[in-house]
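Worksheet: the structure to be examined is printed underneath.
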Amino acid sequence: MKIESLKAFCDLAETESFTKTAQINGVTQSAISQQVSSLEHTFNSLLIERSKKNFRLTREGQVLHDYCKQIIQTNDLLHSKLEELKDTISGTIQVSAIYSIGLHDLPQYLQKYMQSYPTVNIHVEYRHANQVYEDVLSNIVDLGFIAYPVNNPKLETVPFGKDQLVMICHPEHPFAKQKSLKLKDLADQKVVGFESDIPTRKAIDKILREYKVSVNYAMEFNNIETLKRAVEIDAGISIVPLATVRQEIAQKTLIAVKIEDGQFFRPTAVIYKKKRVLTPAMKKFLASLKKAA
């Protein structure tokens, strides 16, 4: 009985998906099935009730899962401790990040970190917010970067920073000549926004409601890059985090206008699963992010 088989079984019990478990462990679905069958043979017990519609652990499977978690955590702690004793900072960190953070916030921090620890490999996946949470909870990644973090008893949340929200428009839009504007000025404008289920869109809509401003969204997108392209062709104005448009502002393809009503910020955070054993490389990475924040 190998530790890899126990880990695969733990991942399967938590994801309830052979596909995701295979992805996490870098093997085929067939290999995961074989590992489960091997465990069932070893313990002479049915561990999973297999059906097309439902996934459920048997009583024996639940007991094995409970003890597997302890074994895997102890194994991870052992490896982490040995690395610390050898003062080794290496390995791979799997990261899942929403597009805006992954493309505009993370690169500068990754560059500095990699200069200090060149033997660490950081792999970043660009995902939507709900997918980032799912990736972290399913153990597909080590760390997740999200905006407007929500409380989850299964997650640790570390504040990462905050981005000021600004109004952006085409350089030839009438607003481009103004130094500032009020939120109520958006009421009669074509507005380009994020899709309604995206956290930043929800936060912006909440701000508008608080100031009793009603807007009509002419276009809606699920990522910041497409949204910016729409504003660049004068399809409408938008409210976005400043960090995501610095390059366009410098190149003068977009104009940012200050909002008079107040300063509004988008909080960002790093999330990881509670009780997850952090390797020395992960600890150093989190420490560098906290210091920068």
Euclidean distance between Cα centres, the range 135-180 to the range 69-88, Å: 33 Å
On Cα atoms only, tilt of 106-116 relative to the major axis of the chain in degrees: 50 degrees
For the range 3-85: rounded, prolate or oblate by the Cα gyration tensor [a/c cutoff 1.5]: prolate
Antiparallel %, DSSP beta bridges [both residues in the chain], to 5: 55 percent
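So what is the calculated 222 nm ellipticity per residue for the chain, using -39500 (n - 2.57) for each DSSP H run with n of 4 or more, over all residues, to the nearest 500 deg cm²/dmol?
Numbers: 11 runs with 129 residues, N = 293.
Taken over the chain, the calculation gives -13500 deg cm²/dmol.
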The range 162-266, relative contact order [Cα under 8 Å, separation at least 6], %: 50 percent
Radius 13 Å from Cβ of Ser45, net charge of other residues (Lys, Arg +1; Asp, Glu -1): -2
Distance between the range 220-260 and the range 1-37 - C-alpha centres, whole angstrom: 43 Å
Two-site label geometry, Thr119 and Lys179: point separation in nm, points 7 Å out along Cα→Cβ: 5.5 nm
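If you add up the charges near Arg127, with Lys and Arg at +1 and Asp and Glu at -1, over every other residue whose beta carbon is less than 12 angstrom from its beta carbon, what do you get? Mind dumping the intermediate values first?
Details: positive: none; negative: Glu125, Glu134, Asp135.
That sum, taken over residues with Cβ under 12 Å, equals -3.
Please work out whether the range 85-146 counts as rounded, prolate or oblate from its C-alpha gyration tensor, where a ≥ b ≥ c are the square roots of the eigenvalues and a/c under 1.5 means rounded, while otherwise a/b larger than b/c means prolate and anything else oblate?
Working: a/c = 3.35, a/b = 1.47, b/c = 2.28.
It is oblate, given that a/c is not under 1.5 and a/b is not larger than b/c.
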In Å, descending, principal axis extents of the Cα set of the chain: 74, 48, 29
Spherically averaged projected area in nm², based on the convex hull that wraps the Cα atoms of the range 164-293: 9.6 nm²
Between helix 29-43 and the chain: long-axis angle, C-alpha atoms, 0 to 90°, nearest 10: 40 degrees
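Every number here is computed from the coordinates shown, using simple stated rules; none is lab data. Bear in mind that the values here come from a model prediction, so they are computed numbers and not experimental data. All Cβ positions, even for glycine, are placed from backbone atoms using ideal geometry, and neighbour counts span all protein chains on display.
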